[in-house]
Amino acid sequence: MNPNESVIHKFYRAFQKKDYRTMIECYHPEIHFHDEVFDLRGKAAGAMWHMLCERGADLSLDYGAVKADDNIGSAHWEASYTFSVTNRKVLNKIDAQFEFRDGKIIVHRDRFDFWKWSRMALGTPGIFLGWSPMLRKKVSATANKGLQKFISDHPEYL
């Protein structure tokens with residue numbers, strides 16, 4: 001197994017245990033994480049995982065299809081949780097891509113179907129507006145505002 005595959009496994013095993021500290025250890029200090037909602041660099045990326053682990057009372061996940069070489073990697077993971085804003089159940093299917101530097105993840109890109117996610121998480125608004133940039137921007141702004149509040153309450157991420 002390539003050492004970078006081991007890093008991916010370590011990251012997702014830690015996530016399954018909601019061990020955000022170990023997840024953060026897998027990241028290079030100059031990490032760039034981005035998905036359909038967040039675009040984060042450095043400590044903010046770690047803060048996001050900390051927040052999700054802490055708030056995800058019923059969060060569970062499975063992962064697989066891990067591949068990596070000396071430079072890049074990928075995995076597929078599925079997260080099941082209750083979206084706290086609406087109390088609706090979500091099963092999000094995510095494809096992750098990674099880039100590595102110094103044995104750590106320096107770029108982490110998660111891709112998922114935002115419209116499908118928004119239908120599960122938001123119900124009717126997601127059904128009718130989940131395809132629109134307007135709803136995506138609103139969800140992103142709300143999530144980022146919540147993350148900034150979390151960071152202000154956790155000075156280790158400043």
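Check residue 28: other-chain or 5+ apart residues with amide H under 5 Å from its amide H, H built from backbone geometry?
The answer is 105, 106.
Using amide H atoms built in the peptide plane, which far-off residues or other-chain residues are under 5 Å from residue 88 H to H?
Placed amide hydrogens put 83 under 5 Å from residue 88.
Looking at the range 93-137, I'd like the Rg to Rh ratio, where Rg is from alpha-carbon atoms and Rh is Kirkwood's inverse mean 1/r. Walk me through the intermediate numbers first.
Values: Rg = 14.5 Å, Rh = 12.0 Å.
Dividing the radius of gyration by the Kirkwood radius yields 1.21.
What's the center-to-center distance, using Cα atoms, between the range 1-37 and the range 60-135 in Å?
14 Å
Between residue 25 and residue 38, 0.36 nm times their residue separation minus their Cα-Cα distance comes to what? Please report the intermediate quantities before stating the final value.
Details: separation 13, 0.36 × 13 = 4.68 nm, distance 1.97 nm.
Contour length minus Cα-Cα distance gives 2.7 nm.
How much length would be gained if the chain were fully extended between residue 138 and residue 99, taking 0.36 nm per residue of separation minus their Cα-Cα distance, in nm to one decimal? All intermediate terms of the calculation are to be shown ahead of the outcome.
On the way: separation 39, 0.36 × 39 = 14.04 nm, distance 2.89 nm.
Roughly 11.2 nm would be gained on extension.
Where does the chain land at 222 nm, in deg cm²/dmol rounded to the nearest 500, when only DSSP H runs of n ≥ 4 count, each adding -39500 (n - 2.57), divided by all residues?
Working: 6 runs with 69 residues, N = 158.
Only helices count here, giving -13500 deg cm²/dmol.
Taking 7 Å along the Cα-to-C-beta vector as the label spot, tell me the residue 71-residue 116 distance in nanometres, rounded to one decimal.
Inter-label distance under the simple model: 3.0 nm.
For a paramagnetic label modelled at 7 Å from the Cα of residue 1 toward its Cβ, which residues of the range 18-33 fall within the zone defined by backbone nitrogen distances under 20 Å?
Backbone N within reach: 18-28.
Could you tell me what percent of the DSSP beta bridges with both partners in the chain are antiparallel, to the nearest 5?
Numbers: 29 of 33 bridges.
Restricted to the chain, the bridges split so that about 90 percent are antiparallel.
When the convex hull of the Cα atoms of the range 46-158 is projected onto a plane and the area is averaged over all directions, what value comes out in nm²?
Values: hull surface 32.0 nm².
Result: 8.0 nm².
Given a 1.4 angstrom probe, what's the average accessible area per residue across the range 19-158, in square angstrom? Don't skip to the answer; put the middle values down first.
Values: 7720 Å² over 140 residues.
Accessible surface, normalised per residue, equals 55 Å².
Kindly flag which residue pairs out of 67/149; 67/138; 17/116 have an alpha-carbon separation exceeding 29 Å in this structure.
Numbers: 67/149 35 Å; 67/138 34 Å; 17/116 26 Å.
Over 29 Å apart, Cα to Cα: 67/149; 67/138.
Counting only protein heavy atoms, what percent of the accessible surface of the chain is carbon or sulfur at a 1.4 Å probe? Numbers along the way, then the final one.
On the way: 4730 of 8690 Å².
Here carbon and sulfur together make up 54 percent of the probe-accessible area.
Checking the cross-link filter: which aspartates and glutamates have an alpha carbon closer than 17 Å to that of residue 43, excluding same-chain neighbours under 8 positions apart?
Residue 43 reaches 19, 25, 30, 35, 54, 153, 156.
Which residue fluctuates most in the GNM of the chain (Cα springs below 10 Å): 57, 79, 44?
Highest fluctuation of the listed residues: 57.
Residue farthest toward the positive end of the dipole of the range 39-112, with Cβ of Lys/Arg at +1 and Asp/Glu at -1: which of 64, 112, 74?
The one lying farthest along the dipole's positive direction is 112.
Which of 102, 113, 69 moves most in a GNM of the chain, Cα contacts under 10 Å?
102
The values are calculated or read from the model by the stated rules, or taken from the named source; none is laboratory data. Everything numeric here is computed off the predicted structure, so don't read it as measured data. Using ideal geometry, Cβ is built from the backbone for each residue, glycine included, and neighbour counts are taken over all protein chains shown. Side chains included, ligands, DNA and RNA excluded: accessible areas come from the protein's heavy atoms. Shrake-Rupley method; radii C 1.70, N 1.55, O 1.52, S 1.80 Å.
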